[in-house]
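Okay, structure first, notes after.
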Amino acid sequence: MIQITGHTRFGGLLGSPVAHSLSPAMHNLSFAALNIDAVYLAFDVTGERLKETVRVFRDLNTYGFNVTMPGKKHVMEYLDEVSRSARLIGAVNTVVNENGKLIGYNTDGTGYTSALREHGFDPKGKEVTLVGAGGAACAAAVQMALDGVKTLHIVNRKSRSADAAYALAQRINQATSCRADVAFLEDAQTLADLISGSDLLTNATPIGMAPETEASFLKDPSPLRSSLVVSDMVYNPRMTKLRRQAMEAGCKTIGGTSMLLWQGAEAFRLWTGKQMPVALVRERIFSGEDE
Ligand code: NAP
């Protein structure tokens, strides 16, 4: 139980919709477990109201806040500083309030690489095939590049937003030592060749998410081999078709729950300087789901 006192600090999640978010449960459980006098709430905020809400969060001496869609990009305009990785990603999901100075970070990226490390995969020096070029893909791609991935193949379907894949590859090539290139999902042979040469295959698209649980971008699983690690950012369902295909081929797989948990843990550490009790959160909030 959290005891609200005259000293209790607050923070929370800004975006829309937010009612479904697991972040309040994760952070409030962690505050209570570590006896930290703070609470985390969810606020449905869109459009122009974001600017005003950020000002109020600054003035009321909050510890900070998370930002989810649709404000992850334009919240950066209202902050005093933005971390290098968040600037490269082009989005902020966590803001720390340091005595009225607001500093933006992106813990989707660090959360993703922490999830990889938790499962024994160090990105340094590796070759990665990443499917998708949206917000989650950007965060993971940039952080993997900053953490030393050697070669990154960004695979997107041929759509208007393929430009986003090229722009992401260009930013990574300019700012990091990682070599990034772009391929198309429709080109099955190229995809198979890229997977064959990779250490990690990541799904950063909603393919396989409920209710389309029998969907996978991998029509032919033959390029999968046991030394490949396969990670799926989709966490509903926990066991996706892609992960099942990979497990059948003997691959180690990592589900989306880990990224969700670690992006929260990284935000918690930025706000409190303390480690989130990850095992407790996994047990209570994610029903003990491990990968
Ligand atoms: P997003 O910004 O909308 O990007 C989605 C990406 O997937 C785009 O590249 C999009 O390409 C592609 N895509 C969508 N539908 C597709 C299809 N049917 N076939 C091929 N490509 C398709 O979404 P996001 O925020 O990056 O999220 C992507 C996934 O990651 C979602 O399932 C989300 O739930 C999950 N996620 C998980 C976590 C976690 O903590 N585990 C965190 C964030 C996101 P187009 O531009 O061509 O549509």
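The values are calculated or read from the model by the stated rules, or taken from the named source; none is laboratory data. Because the structure is a prediction, the values reported are computed rather than measured. Cβ placement follows ideal geometry from the backbone for every residue including glycine, while neighbour counts extend to all protein chains displayed. The area values use the complete protein model at the heavy-atom level, side chains included, leaving out ligands, DNA and RNA. Shrake-Rupley method; radii C 1.70, N 1.55, O 1.52, S 1.80 Å.
Enumerate the amide H contacts of THR253 below 5 Å, restricted to partners 5 or more residues apart or on another chain; note that Pro and chain-start residues carry no placed amide H.
For THR253, the qualifying residues are VAL230.
From Cα pairs below 8 angstrom and at least 6 apart in sequence, can you work out the relative contact order of the range 80-138, rounded to a whole percent?
27 percent
Considering only DSSP beta bridges whose two residues both sit in the chain, what percent are antiparallel, to the nearest 5?
About 20 percent, rounded to the nearest 5.
For the range 110-254, what is the accessible area per residue in Å², given a 1.4 Å probe and the full set of protein chains?
43 Å²
Tell me, what is the percent relative contact order of the chain, built from C-alpha pairs under 8 Å that lie six or more residues apart?
14 percent
What FRET efficiency do you get for ASP80 and ASN173 if R0 is 30 Å and r is their Cβ-Cβ distance, rounded to the nearest 0.05?
Calculated value: 0.55.
Kindly state, to the nearest 0.05, the FRET efficiency for LEU280 paired with GLN189, given R0 = 51 Å and r defined as their beta-carbon distance.
0.65
Take the Cα of SER161, step 7 Å along the line toward its Cβ, and report every residue of the range 70-87 whose backbone nitrogen sits under 15 Å from that point.
Within reach of a label on SER161, which here means backbone N under 15 Å from a point 7 Å along Cα→Cβ, the range 70-87 contributes 70-73.
Taking the Cα centroid of the range 1-31 and of the range 174-235, what is the distance between the two, rounded to the nearest whole Å?
35 Å
Keeping all protein chains in position, work out how much accessible area ILE89 exposes to a 1.4 Å probe, and write it in Å² to the nearest 10.
It works out to around 10 Å².
Of all accessible surface on the chain at a 1.4 Å probe, what whole percent is carbon and sulfur?
The value for the chain is 52 percent carbon and sulfur by accessible area.
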